[in-house]
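Notes for the one structure printed next.
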Amino acid sequence: MTPVDADRPVLRDFGDGAFGVYVHVPFCATRCGYCDFNTYTAGELGTSASPQSWLEALRGELATAAAEFAALPSPTPEVSTIFVGGGTPSLLGGDGLAEVLDAVRADFVLAADAEVTTESNPESTSPAFFERLREAGYTRISLGMQSAAQHVLRILDRTHTPGRAVAAAREARAAGFEHVNLDLIYGTPGETDADLDASLDAVLAAGVDHVSAYSLIVEDGTALARKVRRGELPAPDEDVLAARYERIDARLAAAGLSWYEVSNWAANDAARCHHNLGYWDGGDWLGAGPGAHSHIGGVRWWNVKHPARYAERVALGGLPAAGWEALTEDERYLEHLMLTVRLRTGLPLATLAPTAKPALDRVVADGLAEIVGDHLILTDRGRLLADGVVRDLLG
């Protein structure tokens, strides 16, 4: 990495891939015990920041970024995807999220078929909320379900009731959203196979066309990590996590949802999250909002985290970066390998370094991957050991 002056990322030019915009909404009603994202409750912020001051700063950052991009050698590409994440974007309400989309449109040109996603907490949604989002131009909804078991939600400090996520998904479909995702977390201490089956039953009953399922990771500094450290809860068991993943994959595949990335399943190509595919395929994106990360043509930067400090930096002019780096060729190769190998389309053999040939032969011989045409694709067993495959290929 080549860190330089933290105040001003030195941009080169856009790459050849897709261009997306990520907007980070840093507000949450409560803090989940497992979460280490850059989020803040109203009590933590006090009077230092609000949704209104955040939105004003967001508009300023978007305008500044558009001006910076206009000075690059190639024209700013059309925005092919927008993803509003958090935090809890649905706390802004339908009108607030409409303003977010209007703020992006004010400074960037959206492709005619742009995918526009927002994350939502099931408890802060309603039929009217989804109807307003459709009217505003959103095309995709991602709902945090995590589990259908009340005791699992309690351990995760999730506040929604078990049935609310399914009801919200149905409301989104009724409002006209073709593409709706439900997020699951598996491997929570106390979760049983029956709990997971009930969660999968609920997901499939909701009629969604996309599911994301992530194993529980105990992140340092979280309430969950403190409970595990004190012995109040057991750490997730690796063998249990592997068995749960296989259970999820089998149920979703039988229902017509195919994996396209190790932790993501979709009913068809259109149902895939194309914004995330932009990350995995090495595209460019602007990350706007406190703590958001951006990547343009091999230059990456990250914003100051606290909403009040973020607004102050935007007001001073320039991008509100806390730091930046220009990736070396070796670093870009590493990231390409780490991300692309997780995709069902696989890793193009032509992009592998010549020194990786012995490791390539080894992972194929071990049954972790197979060569299909000119791509290396993980087997079912290889998906469970994807990080190990990457380490092998890097030698």
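For q = 0.18, 0.22 Å⁻¹, what log10 I(q)/I(0) does the range 52-96 give under the Debye formula with an equal point scatterer on each alpha carbon and no solvent?
For the range 52-96, the Cα-only Debye profile gives -0.73, -0.94.
Using each residue's phi in the range 377-393, evaluate 6.51 cos²θ - 1.76 cosθ + 1.60 at θ = phi - 60° and report the 3J(HN,Hα) Karplus result to the nearest Hz, with x for Gly and Pro.
10, 5, 7, 4, 5, x, 4, 6, 10, 4, 5, x, 4, 4, 4, 4, 5
Only Lys, Arg, Asp and Glu count, each charged at its Cβ (+1, +1, -1, -1), so figure out the dipole size of the range 271-395 about its Cα centre, rounded to 20 debye.
400
If only Cα atoms are counted, what is the Rg of the chain, and what is its Dmax, in Å?
21.1, 60
With a/c under 1.5 counting as rounded, go ahead and sort the range 232-391 into rounded, prolate or oblate using the C-alpha gyration tensor (a ≥ b ≥ c being the square roots of the eigenvalues; past the cut-off, prolate if a/b is larger than b/c, else oblate).
On the way: a/c = 2.03, a/b = 1.52, b/c = 1.34.
Prolate, since a/c reaches 1.5 and a/b exceeds b/c.
Taking the Cα centre as origin and putting +1 on Lys and Arg beta-carbons and -1 on Asp and Glu beta-carbons, what dipole magnitude results for the chain, to the nearest 20 debye?
My answer is approximately 660 debye.
Using per-residue counts of other Cβ atoms within 10 Å, averaged over each peptide, order 217-223, 289-295, 345-351 from highest down.
Sorting 217-223, 289-295, 345-351 by mean packing, highest first, produces 289-295, 345-351, 217-223.
Could you please state, rounded to a whole Å, how far the C-alpha centre of the range 179-204 is from the C-alpha centre of the range 54-107?
First find each Cα centre; the distance between them is then 33 Å.
Report Rg/Rh for the range 286-342, rounded to two decimals, where Rg is the Cα radius of gyration and Rh the Kirkwood radius.
1.09
Just so you know, all these numbers are worked out from the coordinates, no wet-lab data involved. It should be emphasised that the depicted structure is a prediction, and the values quoted were computed from it without experimental measurement. Heads up, the Cβs are rebuilt from the backbone with ideal geometry, glycines too, and the neighbour counts pull from every protein chain shown.
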